[in-house]
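I have placed the structure first, in the form of structure tokens, so that the comments after it can refer back to it.
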Amino acid sequence: MKLRAEGATVYQFEGGEPYLNTPDFVKEAMVRALEENKTRYAPSSGVPELRAAIADKLRSKNNIPAQAGEVMVMNGGMQGLFGAFQSVVNPGDEVLVFSPFWTPIKDLLAYSQGRAVLVSTNEARAQGLETTLARYTTDRTKAIYYNTPQNPSGVVFTKDEAQVVARFAQQRDLIVIADEAYEDLVYDGEHFSIASLPGMFERTITVFTLSKSYAMTGWRLGYTAAAEPWMTGLRKTTLYSSNGVSTPTQWAALAAFTTETDMLETNARTWSALRETCRRFLCFPRCVPY
């Protein structure tokens with residue numbers, strides 16, 4: 001911000017603001033909700049119909065074995081991450097964070113009086129994830145922050161890499177906080193949810209957002225999937241902070257999950273084309289179009 005104020009050109013790769021607009025069918029669902037007076041308090045965990053639709057999506061698309069009662073609707077991915085760290089991290093705990101990382105993560109951890117231990121993603125991939133994670137692990141290590149696709153680098157962890165991280169977490173009895181905000185912006189390879197692996201749903205809090213996939217950044221709508229005891233912590237942090245998410249916004253989100261459309265595939269092709277334009281004309285070795 002200081003450089004920009006001085007007139008310098010600053011390129012931000014971590015902001016996550018799609019240039020596409022929110023789909024019309026989502027906006028139309030919001031208007032219908034208002035016209036039908038769906039504006040009263042909703043359960044703090046989320047509208048039941050929306051939680052059920054999200055659980056269906058998690059099972060069919062992410063292979064995460066979540067039921068509706070294991071889903072929380074949140075005010076964006078940020079509230080999901082805040083609740084996750086608050087539910088897991090005690091004062092003095094350490095969390096392994098693959099780096100480079102989304103900048104608010106250190107502050108979210110500090111708010112829980114925990115400490116981020118930075119693990120170079122490049123180093124881990126070159127020298128072995130298990131070996132590298134072990135080198136940074138201490139008796140204070142409580143969790144792993146696992147972001148894929150990674151903001152801001154664009155790294156997409158493979159299924160094999162997820163299996164290594166999962167095995168490490170199980171052997172060390174660690175919790176995984178999986179940030180999958182960019183699950184639909186993958187150009188090379190495929191997105192894989194670590195909570196889908198055997199024995200991992202029980203020790204993983206997975207955080208999603210509609211901000212990127214549906215260009216809904218300003219709607220502030222995300223969701224988390226987790227088992228107990230983490231779900232109790234997530235419920236408490238939501239209830240005693242925001243008491244839930246805007247009711248008409250949730251009905252709009254329901255349309256995002258239940259409307260038959262090829263929007264996500266079309267958008268991915270659009271992003272991919274822009275990415276190639278960046279590579280050809282801007283000479284960036286890797287350009288993830290935020």
### Message
Over segment 15-111, what portion of Cα pair distances is larger than 19 Å, expressed as a whole percent?
### Response
62
### Query
Ignoring any ligand, DNA or RNA, what whole percent of the accessible area of segment 63-204 comes from carbon and sulfur when the probe is 1.4 angstrom?
47
## Note on the structure
For the chain, dividing by residue count, accessible area per residue (probe 1.4 Å) in Å² works out to 47
### Query
Using a Gaussian network model of the chain with C-alpha springs under 10 Å, which one of M263, M72, M231 is most mobile by mean-square fluctuation?
M263
### Query
Considering every pair of different Cα atoms, what Kirkwood radius, in Å, is found for segment 94-244?
16.0
### Task
Name the residues whose placed amide hydrogens come within less than 5 Å of the amide hydrogen of S99, ignoring near sequence neighbours (fewer than 5 apart) on the same chain.
V119, S120, T121
### Message
For a quick check, take a GNM of the chain with Cα springs below 10 Å and name the residue from T217, T138, T22 with the largest mean-square fluctuation.
### Response
T138
### Message
Sorting check: for 178-185, 195-202, which peptide has the highest mean count of neighbouring beta carbons within 10 Å, and how do the rest follow?
### Response
178-185, 195-202
### Query
What share of Cα pairs, in percent, lie more than 24 angstrom apart in segment 169-290?
43
#### Entry: Relative frequency of Cα-Cα separations exceeding 12 Å in segment 116-164, percent
67
### Message
Bins of 5 Å, beginning at zero and ending with the bin holding the largest distance: percent of Cα pairs per bin for the chain, please.
### Response
1, 5, 12, 16, 18, 17, 14, 9, 6, 2, 0, 0
### Message
Rounded to the nearest 10 Å², what accessible area does E276 have for a 1.4 Å probe in the complete protein model?
### Response
60
## Note on the structure
Per the charge dipole of segment 38-165 (beta-carbon charges, Lys/Arg positive, Asp/Glu negative, Cα centre), the residue among L118, M78, A134 reaching farthest to the positive end is M78
### Summary
Mean separation of Cα contacts under 8 Å (at least 6 apart) over the residue count of the chain, i.e. the relative contact order in percent, is 28
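The values are calculated or read from the model by the stated rules, or taken from the named source; none is laboratory data. All values reported here derive from a predicted model rather than from experimental measurement. Here the Cβ is made from the backbone with ideal geometry for all residues, glycine too, and neighbour counts use every protein chain on show. We work out accessible area using only protein heavy atoms, side chains counted, and drop any ligands, DNA or RNA first. Shrake-Rupley method; radii C 1.70, N 1.55, O 1.52, S 1.80 Å.
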